[in-house]
Amino acid sequence: MRAFLDTNVLLDVLAERMPFYEHSSAVWSLAENGTIEGLVSAFSFTTVFYIVRKWGTADVARDALLALREVFAPAGCDATVINRAIDSELGDFEDAVQYFTAIRAEVDCLLTRDPDDFPRRPAIPVLSPREFLAHLDERYSP
């Protein structure tokens, strides 16, 4: 299964933001151990660096990037993605870029802490980490 993680899921893990950390961390672990293929927007790397650098040092931010690179494949964002995001009716441009990058990467689902910020009838399933984990439990239970 190929899952695209929104930047907020990554930051929930890196900052141990409660109450989101538990489920987001579990998804990160699934990607880390190869149970799922985790993808993130190439832009997530720059966003993570910027935000983590504000919390700490450049070394801490670089360590976060190294952790991301080890676990997640970057999904590219091109002119088509940007144009679709600009032309979309999504209220938040960053969410639109994430959404259309995920579609372009042909993933099975997009994981975000804020599924309601995405289309009501998405082209791919948009789930919270908690919903995703529940779905996996159902899928693999005897």
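Derivation of every value follows stated rules applied to the coordinates shown; laboratory data play no part. Everything numeric here is computed off the predicted structure, so don't read it as measured data. Note: ideal-geometry Cβ built from the backbone for every residue, glycine included; neighbour counts use all protein chains shown.
Using the Karplus curve 6.51 cos²θ - 1.76 cosθ + 1.60 with θ = phi - 60°, work out ³J(HN,Hα) for each residue of the stretch 95-112 in order, rounded to whole Hz, and write x for Gly and Pro.
Karplus values, whole Hz, x for Gly and Pro: 4, 5, 4, 4, 4, 6, 5, 4, 4, 4, 7, 6, 7, 7, 6, 10, 10, 8.
If you rank L66, L133, L39 by fewest surrounding Cβ atoms within 10 Å, what's the result?
L66, L133, L39
Report the gain in length on full extension from R121 to A26: 0.36 nm times residue separation, minus Cα-Cα distance, nm rounded to one decimal.
31.6 nm
Given a Förster distance of 30 Å, report the FRET efficiency between E106 and D63 from their Cβ-Cβ distance, rounded to the nearest 0.05.
For R0 = 30 Å, the calculated efficiency reads 0.50.
Please compute the length gained on full extension between D87 and F49, using 0.36 nm multiplied by the number of residues separating them and subtracting their Cα-Cα distance.
Value of the extension gain: 10.9 nm.
Could you give the length gained by full extension between A73 and T35, i.e. 0.36 nm per residue of separation minus their alpha carbon distance, to one decimal place?
Extending this stretch completely gives an extra 12.3 nm.
What value does the stretch 2-140 have for Rg/Rh, both radii from Cα atoms and Rh as Kirkwood defines it?
In the stretch 2-140, Rg relative to Rh is 0.95.
Could you list H23, H135 so that the one with the fewest beta carbons within 10 Å of its beta carbon is first and the one with the most is last?
H135, H23
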